[in-house]
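One structure is given here, and the rest of the page talks about it.
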Amino acid sequence: MKAYLESVVSRKEAQKAELAKRSAESEDVAELRSIGKQIDTINEEIAEARAQLAKLDAKPAFDPMKALGTVGQKSAPAEADTGSMEYRSAFKEYVQHGTPSPLLKRSDDRVVSGDLGVLVPQTVMDQVITGVEKAYGVLYNRVRKTNVRGGVKYPTGSFSATFHRMTEESTGASPSDRQNPATIGYVEFSYNLGEIRIAQSLVAATVALPVFEQELAKCIVQTFLKAMDSEIMTGTAANHQCVGILTEAAASPSRIPAGNTVEFTATEVMDWKKWQSKLFAKIPIGMRGLKPEFVMSAGTYESVIKSLADDNDRPVYYETFNPVDGAETATFKGREVVFCEEDVFKTFGDISVSVSSTDSPYFGMLWVPDQAYAINSNLEFYVKRYFDEEKNEYVDKALVINDGKVLDGSMIYLLKKVASS
């Protein structure tokens, strides 16, 4: 993993240098803006990779496996490498044919419940991580990733730094004059187990090891990120899911202030001045400096945002296209607009204001993802193979343990459609 992350940093640095060279040679304003955005994205990716490198030197605090219980299994030698060719081949044989192998036993630091199966090889996980960094998971890719022990109440303030003046009076009491926990609140992550059913045709038909690993990684990434995007918005603890933002908004009490729900009628949403007075005027200065982003469907952006203009008939949106891959980059008053699928937010015009309680009237949000929401996981997948007696077939499934919660609801503004008065 360390070598992989170091290669990511090296590759991203090279990409940034190439973009900087192109920027110095270009005289096209649109291209310069696009290159600037690409460099910002690369800088964030480099920072994330370096942060993960730093974590490798520390003992992981997240230990869901021991919390689920251990079984008396004989461990493999500590030097067993899940990225070795021997382990990878043994894993492939286990998934395809159920062939057991001593190599697939856990090492001393990976003693886990037998219900979780065997650990996915590091080579596959490297591909999963790479896939996560791509276009999939527009919400998951942006929220904060934590790696803390579940079942413990953490003050929400512990996920961010604070500044405090030390005085003679304060040094004798509490080292940093901690805030009253009743004021700042807690967040507690659970050990939610999720599964990804793997198609039998995938595991049975592929013979070459690299192809098998690529297909397995693609299956995990696409299924996992689609589920995570959905749960970040609408997941419920009752279903052992991440607690979604809209679920939190409906809770009482809620981490999201009631005043952070901004309502628009069909007439108001087409009026630029209403956006100014109802939403932009409310954004705190502290939030403005954290680069908040919009999330909405492409249909809402095309039919509503691109129709807005100021008093001088100048559009209030801006869009361009990445000259490298053709990807669309959209902004609304300088804030990036991230497009989501209709199952996350429906298009404004398609929402009925008399919707049922299961069909949310929200059409978008403005948020600071890494401040507003966190997913807690060690991002390790296990594969379990068993025989389904009812269907008379073998079933392979990938298992992962994680949870998600709203951290700071003040960093979320929900946009809601209401009936005209």
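The values are calculated or read from the model by the stated rules, or taken from the named source; none is laboratory data. Source: prediction; values computed, not measured. FYI the Cβ positions are ideal-geometry reconstructions off the backbone, even for glycines, and counts take in every protein chain you see.
The number of residues in the stretch 244-275 that are free of Cβ contacts under 8 Å to residues at least 60 places away in the same chain and in contact with a Lys or Arg (Cβ under 9 Å, 6 or more places away or on another chain) comes to 3. Evaluate the following for Val295: is it out of contact with any Gly (no Cβ under 8 Å at 6 or more places or on another chain), outside the structural domain of Asp126 (by TED's automatic domain parsing) and buried (at least 21 other Cβ atoms within 10 Å of the Cβ)? When the stated conditions are applied, Val295 does not pass them. For the stretch 250-279, the set of residues classified as part of a loop (DSSP other than H, G, I, E, B) and either hydroxyl-bearing (Ser, Thr, Tyr) or in contact with a strand residue (DSSP E or B) (Cβ under 8 Å, 6 or more places away or on another chain) (or both) consists of Ser252, Ser254, Arg255, Ile256, Thr265, Ala266, Thr267, Leu279, listed by residue number.
Taken together, the residues in the stretch 288-346 that are in contact with a Ser or Thr (Cβ under 9 Å, 6 or more places away or on another chain), of a type in the set (Asp, Glu) and under 28 Å from Leu19 (Cβ atoms) amount to 3. You will find that of Ala199, Ala258, the residue that is aliphatic (A, V, I, L, M), surrounded by fewer than 19 Cβ atoms within 10 Å (Cβ to Cβ) and farther than 26 Å from Val395 by Cα is Ala258 and no other.
Residues that are under 19 Å from Leu415 (Cβ atoms) and among the polar types (S, T, N, Q) within the stretch 242-257 comprise Thr247, Ser254, listed in sequence order. Thr247 meets each of the listed conditions (1) outside any loop (DSSP other than H, G, I, E, B); (2) polar (S, T, N, Q); (3) farther than 19 Å from Phe345 by Cβ apart from (3). Across the stretch 194-202, not a single residue is classified as touching a residue at least 40 places away in the same chain (Cβ under 8 Å), under 19 Å from Phe345 (Cα atoms) and aliphatic (A, V, I, L, M). The set of residues in the stretch 345-359 being surrounded by 12 or more Cβ atoms within 10 Å (Cβ to Cβ) and modelled with pLDDT of 85 or more consists of Phe345, Lys346, Thr347, Phe348, Gly349, Asp350, Ile351.
Residue count for the stretch 38-49 satisfying the condition of being at pLDDT below 75 and not aliphatic (A, V, I, L, M): 1.
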